[in-house]
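Below is one structure, written out as structure tokens, with a few remarks after it.
The values are calculated or read from the model by the stated rules, or taken from the named source; none is laboratory data. All of these numbers come straight from a predicted model, not from anything done at the bench. Neighbour counts run over all protein chains shown; Cβ positions are idealised from the backbone, glycine included. All accessible areas refer to the heavy atoms of the entire protein, side chains included, with ligands and DNA or RNA removed. Shrake-Rupley method; radii C 1.70, N 1.55, O 1.52, S 1.80 Å.
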Amino acid sequence: MIELKNVYKIYSDGDSEIRALDGVSLFVDKGEFTSIVGSSGSGKSTCMNIIGCLDIPTSGEYYLHGNDVSKMNEKELAYIRNKELGFVFQQYNLIPKLNLLENVELPLIYRRINPSKRKEMAKIALERVGLGDRLSKFPSQLSGGQQQRVSIARALAGEPPVILADEPTGALDSKTGRDVLALLKKLNDEGTTIVLITHDNSIAAQTKRIVRIHDGKIISDEFNIPAKEEEGAV
């Protein structure tokens, strides 16, 4: 499903160069729940940006569903981002003046889905994350964990085969973070491929595969039996 082949991302810094990614090769199969783990500056976010079609490699190849994304133009990349990928970030990026249903509808508007259909799709997505009874609420009326659930619903609304989650629990307390991870696990069990970016080993331990990155290189890649959730997690 996702395949990086000898990918480099190089930035010039005066007379020197910074290799944010230094020959990364990675394959993520359909239905996996994979974490990419590394400290600040390791290259994990650059890797996510390339997988998410938010950036392009300096060299190397990136295939998504067998299509060479690394050679696509910006219009084609935008289409891939909107149809094939769902994004969940540390900051929820919700629009305060829109209610929950309207926030979740946004990416569907860009796909030119008719109003009645997109409202139904957004409603279903919010129901999947346990917020089907709060459609008319506004972000300011929700807790941080609930706002993150809305951002997950927005990522799910267009039924993308892949969700990219960048530090999705980073702004949450530990209990709420466990709840969000439990939701991501449930979505993965239902068939959604998830790639999670984190610096936290305890978060990575909840995923089925752990890829560690350091100085732009993958230093380990192993399948994992997820750690049991602490008592009280939902």
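So the values come out like this:
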quantity: For the chain, with +1 on Lys and Arg beta carbons and -1 on Asp and Glu, the positive-most of Leu21, Gly31, Leu183 along the dipole; calculated: Leu183
quantity: Sequence-distant residues sharing a close amide H with Arg209 (under 5 Å, placed H); calculated: Phe33, Ser35, Asn224
quantity: Cα-derived Rg to Rh of the range 105-183, Kirkwood definition; calculated: 0.97
quantity: Only Lys, Arg (+1) and Asp, Glu (-1) charged, at Cβ; the chain dipole about Cα centre in debye; calculated: 880
quantity: Karplus-derived HN-Hα couplings along the range 183-191 (A = 6.51, B = -1.76, C = 1.60, θ = phi - 60°), whole Hz, x at Gly and Pro; calculated: 5, 4, 4, 4, 5, 5, 4, 7, x
quantity: Globularity index of the range 1-42, i.e. its alpha-carbon radius of gyration over 2.2 N^0.38 Å; calculated: 1.46
quantity: With at most 16 neighbouring Cβ atoms within 10 Å, loop trypsin sites (Lys or Arg not before Pro) (DSSP) excluded, longest segment of the chain; calculated: 138-207
quantity: Principal axes of the range 1-72: Cα extent on each, largest first, Å; calculated: 42, 28, 18
quantity: Whole-Å distance, taken between Cα centres, linking the range 36-50 and the range 170-198; calculated: 18
quantity: Amide hydrogen neighbours beyond the local backbone of Val162, cut-off 5 Å, H modeled; calculated: Gly86
quantity: Solvent-accessible area, 1.4 Å probe, carbon plus sulfur percent, for the range 110-223; calculated: 47
quantity: In Hz, Karplus ³J(HN,Hα) per residue of the range 66-81 (6.51, -1.76, 1.60; θ = phi - 60°; x = Gly, Pro); calculated: x, 9, 7, 5, 5, 10, 7, 7, 5, 5, 5, 5, 4, 5, 4, 4
quantity: Evaluated at q = 0.12, 0.13, 0.15 Å⁻¹: base-10 log I(q)/I(0), Debye formula over Cα of the chain; calculated: -0.67, -0.78, -1.03
quantity: Under-24-angstrom lysine pairs by C-alpha in the range 1-93, whenever the two are 8 or more apart or on separate chains; calculated: 15
